[in-house]
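FYI, it's all coordinate maths here, none of it is from the lab. If you're wondering where the values come from, they're calculated on a predicted model, not measured in any experiment. Heads up, the Cβs are rebuilt from the backbone with ideal geometry, glycines too, and the neighbour counts pull from every protein chain shown.
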């Protein structure tokens, strides 16, 4: 192949402007120029490798694929049909109308975030949520940071730096993204003292480990796993009594943030609640806002006023503080609990939906799909099992219903991929060589859109 022929084929490739024009107004000008250049660069590489020059239509198709990939990389809504209620990769839990209304009201106006209306002087950004939290749980005081790892970090750094913190080996948890409790403790400047074994820790292990340099006993609820069999652990009440008698702090990280249950039955059986942790004598309790609490991402610290006050003055709090929108959503979440109506929170509305209601929706969805695509695609309502997820209730699952999909000429992997790449992505699961859409985690308002998205994916 001569250089003249190569140059001729390169010159035959369309200009960036032409590809941008062909793409139309599908995105901002800067994005269109970027994907057009990348598509043309790809064509140039093909030509230099000896391939014929791609047509303009082929380059436009390549540019559209790049544009679609660009959109999928941006933050956007998806339909969660996995059956995992608290899905960390999908943003944990959705917020409800009242939570969104609270965010909108604060976002679109000035607010009394750090302004005391009674006195007309500077106020405390945490006072609003603190009042609700102490009323709801009976804690003396409360503080809010940006997640539970931050809450634990602040507590350890503020109260235990350069001192010893005793923790059971069976509670040295790892959370998502390979973040481990020992690493958080190391970053705080506290010195970890491990006691007991992976499966068995006794009160005597804690008693023997306490020294003059001990600052705290830390109990961590293993909310994302369960050890069964020949096991033993020390109850929080016993550790609180020991800590009080030896003059050290007792910190209880309950993780999932369950507020005293009401009408939730076996769903949360065995899960420690914030209220009980405080009643059992913990000096400080830490937990997440976006797990079983059903609110926005936040880390909450509740307990003794004198300890919370020390943490509120720690310089690290400035780096860990939450913004006004998080506080607005959190307050709306707490108000639902105070009103005794947690059904207003999408998490608990989905979790407590009767299986009979899910079955009705599943049969309706399967019928809609079949009517639209015909009998070649098998869409069937089927009983499923949903889980809490998000590092919560690891041994609990929920009776659920969903729709299974099979196609005589397409693999389940290709259907799953088509759903994931839809205009609104649908994230589902594959079981027994079937695509399964679990309705436990699909809001009823999404059913019609879900049916349309499934039909489009099946017809590709």
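Taking only the C-alpha atoms of region 97-341, Rg followed by Dmax gives 18.1, 60 Å. Helix 236-246 and the longest principal axis of the C-alpha atoms of the chain enclose an angle of approximately 50°. Classify region 143-206 from the C-alpha gyration tensor, please: rounded if a/c falls under 1.5, else prolate or oblate depending on whether a/b exceeds b/c. Because a/c hits 1.5 or more and a/b fails to exceed b/c, region 143-206 counts as oblate. Among beta bridges identified by DSSP and lying wholly in the chain, the antiparallel ones come to about 60 percent. Taking all C-alpha pairs of region 3-73, those more than 13 Å from each other amount to 60 percent. Which log10 I(q)/I(0) values does region 65-155 give at q = 0.11, 0.15, 0.24 Å⁻¹ under the Debye formula, counting every alpha carbon as one identical point scatterer? Log10 of I(q)/I(0), two decimals: -0.57, -0.94, -1.30. Rounded to the nearest 10 degrees, what's the angle between the helix 29-48 long axis and the longest principal axis of the chain, both from Cα atoms, 0 to 90? Between the helix axis and the principal axis of the chain, the angle is about 60 degrees.
Ranked by the mean number of other Cβ atoms within 10 Å of their residues, highest first, the peptides 50-59, 181-190 fall in the order 181-190, 50-59. For the listed peptides 325-338, 60-73, a ranking on the average number of other beta carbons within 10 Å per residue, highest first, reads 325-338, 60-73. Helix 148-160 and the longest principal axis of the C-alpha atoms of the chain enclose an angle of approximately 30°. Normalising the average separation of contacting C-alpha pairs (under 8 angstrom, six or more residues apart) by the number of residues puts the relative contact order of the chain at 18 percent. Each label point was placed 7 Å from the Cα along the Cα-to-Cβ direction; for residue 313 and residue 46 their separation is 6.9 nm.
Dividing the summed -39500 (n - 2.57) terms of all DSSP H runs of n ≥ 4 by the residue count of the chain sets its mean residue ellipticity at 222 nm at -13000 deg cm²/dmol.
How would the chain be classified by its alpha-carbon gyration tensor: rounded, prolate or oblate, with rounded meaning a/c under 1.5 and the a/b versus b/c comparison settling the rest? Verdict is prolate for the chain. If you wrap the Cα atoms of region 286-442 in a convex hull and average its projected area over all directions, you get 12.8 nm².
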